[in-house]
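First the structure, in the form of structure tokens, and then the observations on it.
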Number of protein chains: 2
Amino acid sequence: MTTASHQLADIPGLVRCETHSVPDILARATGMTRTAYPHEEVYGDYCTIQQYIDCPPEDVFDYLSDINTLDEYSVSTRAFEPAGEPGLFVGWDTLAENTRIYMRIEPNREALTLDYHCAWDQGEELWMIYLFRIVPAEQVLGKPGSVVLWTNCHHPNYDKNPYPELSPDPERIWVGDLWPLFYAGHRIELENLKRILEYRSGRGLPLAVAPGPEAAA
Amino acid sequence: MTTASHQLADIPGLVRCETHSVPDILARATGMTRTAYPHEEVYGDYCTIQQYIDCPPEDVFDYLSDINTLDEYSVSTRAFEPAGEPGLFVGWDTLAENTRIYMRIEPNREALTLDYHCAWDQGEELWMIYLFRIVPAEQVLGKPGSVVLWTNCHHPNYDKNPYPELSPDPERIWVGDLWPLFYAGHRIELENLKRILEYRSGRGLPLAVAPGPEAAA
């Protein structure tokens, strides 16, 4: 059927309708489908979670693009302020003692993707990347609102701090020690995000609360 | 600590370092982390899979943006051709008898996102959306190559064919009956993609094989 089939013959292991019958393919897929999957298998190499939020996609994008909103929906990162270099911010990660977190937000409004590039202790190499994508729920679920996709990838630096000399305390926990809790921790934060945005969006309140000098006083 | 904290007090259920101690937060996350998760919990509402491919991100993007490559890496969709309207294609889904699949590819080269908007039987309402995002592995895994993120969302039309009158046969399986197999089926296809691209990329071969008139003959 396909014109290119003969050029695939050298590549081992392909499963295609030319080489496997439909019943074979369905049997294979059924065999790979299990009642349950171990944590390490689902969240070991990549940690992706998803959430429906009853709030317009552009509003979710704007909220997440504003670094000040981490003060609200994140569990532990607080008080980001400009770190000198344009676009670079530094705040605190209260999960650990005296720990600075550096961050740069890379948004793409057209694609509704938005990534936090960050790292503990230093802002030169932002290797800890939080990948977000906001999808119009009208398209994918047939209803208004947004689907937020959030992925982290298991970078080797999670397993070994590349700059141990920058730690404020040699006994301090390393962010990568928490990788097994990323699934649950990010679920908590995505639930925070949903609660905040749906509360405000549903009541017609402003979504982002920009800290002003008087509020900080 | 945060300037906005007092404005969050009315929103129930938030878990934040101002209201929960770090040990409390870690205990909560640990409690949500389980040895294993049921299939329905992980892949019931959303089906996301990920794969590392040792091939440059732009090349993976180009390959997936070319509708002809579905002939190679997909298990069952074949022979797409223009369907009249610009950007709309129609092919066959060999998982079911005499079943046409319509598709429009929506790529965003800057963001490296790329979505297949498709549907069985008709091309007016392309509700079945395959969301792809290609991430440079250098950024997220510290090595060359690509990470492919692939998400489908459980649109209600999977549960009920919105146009049963367009089915070529009232007894035909509906695409949504296969939703429980999407995790496994998409894993097979992503493995095909990896094998094809790594085979060719590793040998310096052209990645996409465009069907020409002579090949089709």
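In terms of other Cβ atoms within 10 Å, B:Thr48, A:Thr151 run from fewest to most in the order B:Thr48, A:Thr151.
When each full DSSP H helix of chain B is screened for a Cα extent of at least 18 Å along its own axis and an average Kyte-Doolittle hydropathy of at least -1.0, the helices passing are B:182-202. About its Cα centre, the protein assembly as shown has a charge dipole of approximately 560 debye under the convention of +1 per Lys or Arg Cβ and -1 per Asp or Glu Cβ, with nothing else charged. Here the sum of -39500 (n - 2.57) over DSSP H runs of 4 or more residues, divided by the residues of chain A, equals -7500 deg cm²/dmol at 222 nm, to the nearest 500. With the label put 7 angstrom out from Cα along the Cα-to-Cβ vector, A:Pro82 ends up 5.1 nm from the copy partners, going from closest to farthest. If a spin label sat at a point 7 angstrom from the Cα of B:Glu58 along the line to its beta carbon, the backbone N atoms of region B:87-129 nearer than 18 Å would be those of B:107-114.
When only Cα pairs below 8 angstrom with a gap of at least 6 residues are kept, chain B shows a relative contact order of 22 percent.
The label point for B:Asp177 and the one for A:Ala36, both projected 7 Å from the Cα toward the Cβ, are 3.0 nm apart. For chain A, the Cβ-based charge dipole about the Cα centre amounts to some 800 debye (Lys, Arg positive; Asp, Glu negative; other atoms uncharged).
Comparing mean-square fluctuations of A:Arg195, A:Arg104, A:Arg78 from a GNM of chain A with C-alpha springs under 10 Å, the top value falls on A:Arg195. The gain in end-to-end length when the B:Lys143 to B:Glu198 segment is fully stretched comes to 18.3 nm, 0.36 nm per residue minus the alpha carbon separation.
For region B:130-193, trypsin sites (Lys or Arg not before Pro) meeting the loop criterion (DSSP other than H, G, I, E, B) and having at most 16 other Cβ atoms within 10 Å: B:Lys160.
Positive end of the dipole of region A:25-125 (Cβ unit charges, origin at the Cα centre): among A:Pro38, A:Tyr102, A:Pro56, the Cα lying farthest that way belongs to A:Pro38. Taking 7 Å steps out from each Cα toward its Cβ at B:Thr19 and B:Glu110 produces label points 3.8 nm apart.
Between identical copies, the spacing of B:Glu198 label points, each set 7 Å from Cα toward the C-beta atom, reads 4.1 nm from nearest to farthest.
Comparing A:Val140, A:Val148, A:Val60 in a Gaussian network model of chain A (Cα springs below 10 Å), the most mobile by mean-square fluctuation is A:Val140. Taking a straight Cα-Cα cut-off under 21 Å and skipping sequence neighbours fewer than 8 places away in the same chain, the lysines within cross-link reach of B:Lys160 are A:Lys143.
Put a dot 7 Å past each Cα toward the Cβ at A:Glu81 and A:Glu97; how far apart are the dots in nm? A separation of 2.3 nm, rounded to one decimal place. Largest GNM mean-square fluctuation across B:His39, B:His20, B:His186, computed for chain B with C-alpha springs under 10 Å, falls on B:His20.
Taken together, the values in this text are just the output of simple stated rules run on the coordinates, not laboratory data. These numbers come from a predicted model, not from an experiment. A quick note on method: Cβ atoms are made from the backbone with ideal geometry, for glycine too, and the neighbour counts reach across all protein chains shown.
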